[in-house]
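A quick write-up on the structure given underneath.
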Amino acid sequence: MSSLFRSRTIVIGNLSLGGTAPVRIQSMTNTNTNHVDASVEQCIRMIRAGAELARLTTQGSREVKSLSEIKDKLQERGVSVPLVADIHFRPNLALEAAAVAHKIRINPGNYLKGGALETLLPRLLEVCRKYGTAIRIGVNHGSLDESILREYGDSPAGMVESAMRFLRICKSREMEKVVVSMKSSNPVVMIQSVRLLAHTMAGEGMYYPLHLGVTEAGDGMEARIKSAVGIAPLLLEGLGDTIRVSLTEPPEEELPVARTIIELFPKPVAISKDPFSNLAWDPFAYQRRKSLPYLSLGNASPVKIISKTPPLEGEDLTPNQVEQVAVSFNSWTTNPELLESGNGILLLERDGLSMGEIKTILNEFCLVNSRAPVVYKTILAERNPERFSLLMAGELGSLLVDGAIDAVWVESPFHSEKFISETLLSVLQAVRARITKTEYIACPSCGRTHFDILSRLKEIRKATSHLDPIKIGIMGCIVNGPGEMADADYGYVGAGAGRVTLYRGRLPVQQNIPEKEALAALIDLIKKEGDWREPPK
């Protein structure tokens, strides 16, 4: 057994994080930080639900003062969970917040605007060291600096370089209380970025703790599935010291989901194989394995579902069809010629093996056989529907994220074929292996949001979920909104109190629309662009 990436242990307030400490869970308030009592009460609800850190938006000096009051009131009530100040566009504000919060979060893509990194960050590190404040270098896929975009594009490599420019200064200044995150609304991009970051940091002798999360995941079961698809594979690879599940729901709803993901996918102390070397796939760039086509499988076609009642007849397959042409891994190892002709598939069954063992077997096969499609089969004996869905999402996500699986076959003694297939379609969509429905990229909201984003999300979903697959972003403000929904077809972004700006792709097309008129305007825009069809009667 060999340890892949062991982060150093740091202390934030009274909380140890990283190293051998448990994976910590956290959330962020969506109250106005200046509404001190409301923010205190929400922090307490989050903490009762399991939050070990609580983050609050901190846009200005007034919010810094309010944060100090919140901190004092929580201490009066015997609450000592570390508080995190969320800073974006104002570097000088980070200096103020560092004297109050236990930890500050800065976004390199926004923090760099308005000044030189080499002068801004060292000043901040001095203040953090003076007050014992930790810092999170929080990179968002949707808000990379223009200099990064020009050189790298909006890629995992660009996200990692954005972080490393900050981390190299932290290392040179011997700043140890540092956490780093790579956030994206696309779980595949998030996984690749974290992997590449860990690989790059280790190569430069850095072992800062990692914060994991899929940002703007949305709400309901699809958001939970998307979060598990992004977080679980990294935990299984030994990566991640704290996680947040970002839901467009009350923040206290995030914590039980985060706790369940950690429980279902415990981070190993060591792993049997370095997941970054001698692989049949590139761990830092997604690409579907292009086997020979067989039945409806292979040739990098969308991943299929094996079911007694296939979701899409003619494309998906039944167990009987698979069993007639399947070769087990054990049979293949004793007779590799079985699948050399291109007439057959490999059936890879979980059958009590760990996910690490399964991934090793899959890699061993794909290194020497590029012809046969691969079907993965698992039997999940979990009765609770939400835990079942999270278990499926994490297990399949850890395999699908590297593009080597052509079909999935899930059985359960407790759940119907219909429920399993519907859940599978959500998992496949989350990992970008098969797109079958409209996707909603929605932020969890925070103190910067000026409208009820959950209500707007539900209204927009009700009006548009029947459409052929498109992506719609519903974002609370412009801090990360336009960037995080950069690959969306349409965007609905808060532009101030009671006002909304609509986007077509990356471009704002209707600005400052009254909120009460925005849904109708969005539908009109979709019609104008030719993506509308009337809902079925």
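The values are calculated or read from the model by the stated rules, or taken from the named source; none is laboratory data. As the structure is a computational prediction, the values presented were derived from the model and not from experiment. Cβ atoms come from the backbone with ideal geometry, glycine included; neighbour counts cover every protein chain shown.
Some observations on this one:
- Within the range 1-12, the set of residues being crowded, with 17+ Cβ neighbours inside 10 Å and not hydroxyl-bearing (Ser, Thr, Tyr) comprises LEU4, PHE5, ILE10, ILE12.
- Failed item, numbered, when ALA202 is tested on (1) more than 13 Å from the chain's Cα centre (by Cα); (2) buried (at least 22 other Cβ atoms within 10 Å of the Cβ); (3) outside any loop (DSSP other than H, G, I, E, B): (2)
- Test: residue in the range 501-516 that is in contact with a Cys (Cβ under 8 Å, 6 or more places away or on another chain), modelled with pLDDT of 85 or more, surrounded by 14 or more Cβ atoms within 10 Å (Cβ to Cβ) and within 19 Å of THR464 (Cα to Cα): no
- Residues that are at positive phi, of a type outside the set (Lys, Arg) and in the same structural domain as ASN107 (by TED's automatic domain parsing) occur in the range 192-205; there is at least one.
- Within the range 174-194, considering residues that are in a loop (DSSP other than H, G, I, E, B) and touching a helix residue (DSSP H, G or I) at 6+ places or on another chain (Cβ under 8 Å), the one farthest from LEU212 (Cα to Cα): MET175
- Verdict on VAL427 being more than 28 Å from the chain's Cα centre (by Cα) and either part of a strand (DSSP E or B) or crowded, with 20+ Cβ neighbours inside 10 Å (or both): no
- Top-ranked residue in the range 393-424 [being touching a helix residue (DSSP H, G or I) at 6+ places or on another chain (Cβ under 6 Å) and assigned to a helix (DSSP H, G or I); ranked as nearest to LYS359 (Cα to Cα)]: SER398
- Residue in the range 248-271 that is among the polar types (S, T, N, Q), under 27 Å from GLU411 (Cβ atoms) and part of a loop (DSSP other than H, G, I, E, B) present: no
- When residues of the range 282-329 are limited to those that are part of a loop (DSSP other than H, G, I, E, B), touching a helix residue (DSSP H, G or I) at 6+ places or on another chain (Cβ under 6 Å) and of a type in the set (Val, Ile, Thr), the one surrounded by the most Cβ atoms within 10 Å (Cβ to Cβ): VAL303
- Contact map, the range 325-344: residues that are on the phi < 0 side of the Ramachandran plot paired with residues that are assigned to a helix (DSSP H, G or I) and aromatic (Phe, Trp, Tyr), Cβ distance under 8 Å, separation 6+ or inter-chain. Pairs shown: PHE329/PHE365; TRP332/PHE365; LEU338/TRP332; LEU339/TRP332.
- The test for being more than 28 Å from GLU249 (Cβ to Cβ) and surrounded by 20 or more Cβ atoms within 10 Å (Cβ to Cβ) holds for CYS366.
- Close pairs from the range 456-474: first outside the structural domain of GLY142 (by TED's automatic domain parsing), partner surrounded by fewer than 16 Cβ atoms within 10 Å (Cβ to Cβ) and assigned to a helix (DSSP H, G or I), Cβ under 8 Å, at least 6 apart: ALA463/ILE523; THR464/ILE523
- Scan of the range 144-160 for residues that are acidic (Asp, Glu) and modelled with pLDDT of 90 or more, ordered by number: GLU151
- Scanning the range 244-279 for residues that are among the aliphatic types (A, V, I, L, M), surrounded by 22 or more Cβ atoms within 10 Å (Cβ to Cβ) and modelled with pLDDT under 95 turns up just one, LEU247.
- LEU149 within 27 Å of TYR440 (Cα to Cα), in contact with a Ser or Thr (Cβ under 6 Å, 6 or more places away or on another chain) and not assigned by TED's automatic domain parsing to the domain that holds GLY473: no
- Residue pairs meeting the criteria (Cβ under 6 Å; at least 6 apart or on separate chains; first assigned to a loop (DSSP other than H, G, I, E, B), in the range 508-537; second buried (at least 16 other Cβ atoms within 10 Å of the Cβ) and at pLDDT 90 or above): TRP532/ILE526
- GLU337 part of a helix (DSSP H, G or I) and farther than 19 Å from GLY397 by Cβ: yes
- Some residue of the range 34-46 being in the same structural domain as VAL178 (by TED's automatic domain parsing) and part of a loop (DSSP other than H, G, I, E, B): yes
- Verdict on MET485 being modelled with pLDDT under 90, among the hydrophobic types (A, V, I, L, M, F, W, C) and crowded, with 23+ Cβ neighbours inside 10 Å: yes
- So LYS171, is it surrounded by 24 or more Cβ atoms within 10 Å (Cβ to Cβ), basic (Lys, Arg) and either within 19 Å of the chain's Cα centre (by Cα) or part of a helix (DSSP H, G or I) (or both): no
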